[in-house]
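First up is the structure itself, then whatever we jot down about it.
The values are calculated or read from the model by the stated rules, or taken from the named source; none is laboratory data. Just so it is clear, the structure is predicted and the values come from calculations on it, not from any experiment. Note that we place each Cβ from the backbone using ideal geometry, even for glycine, and neighbour counts take in every protein chain shown.
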């Protein structure tokens, strides 16, 4: 007989758990989502700053006037042509919150 072992040694386990792999993937995905959210927020903020600078520099009177009219409608009381009334958005939200708590 020969001195060779006839039994196959089999496959040695890799030693990396499936849980560790999925954990790494999950953490990476969360980090990517957070970084994308930060990037979107910063770019939106930068866009608003540039828009404000351009409005001030060029004087876009229509844009400025529209923004002022919109802010006035959201923060003031008025009576509509059809007899309806508008109230400030903050007051409307307070009333809705009070109504939902009753």
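Quick notes on this structure:
- Condition met for residue 41 (touching a helix residue (DSSP H, G or I) at 6+ places or on another chain (Cβ under 7 Å) and within 27 Å of residue 89 (Cβ to Cβ)): no
- Condition met for residue 59 (in contact with a strand residue (DSSP E or B) (Cβ under 9 Å, 6 or more places away or on another chain) and at pLDDT below 85): no
- Single residue of 26, 97 found to be surrounded by 10 or more Cβ atoms within 10 Å (Cβ to Cβ) and at pLDDT 80 or above: 26
- Condition met for residue 61 (loosely packed, with under 10 Cβ neighbours inside 10 Å and either at positive phi or free of Cβ contacts under 8 Å to residues at least 60 places away in the same chain (or both)): yes
- Flag for residue 73 being surrounded by 10 or more Cβ atoms within 10 Å (Cβ to Cβ), touching a strand residue (DSSP E or B) at 6+ places or on another chain (Cβ under 8 Å), on the phi < 0 side of the Ramachandran plot and part of a helix (DSSP H, G or I): yes
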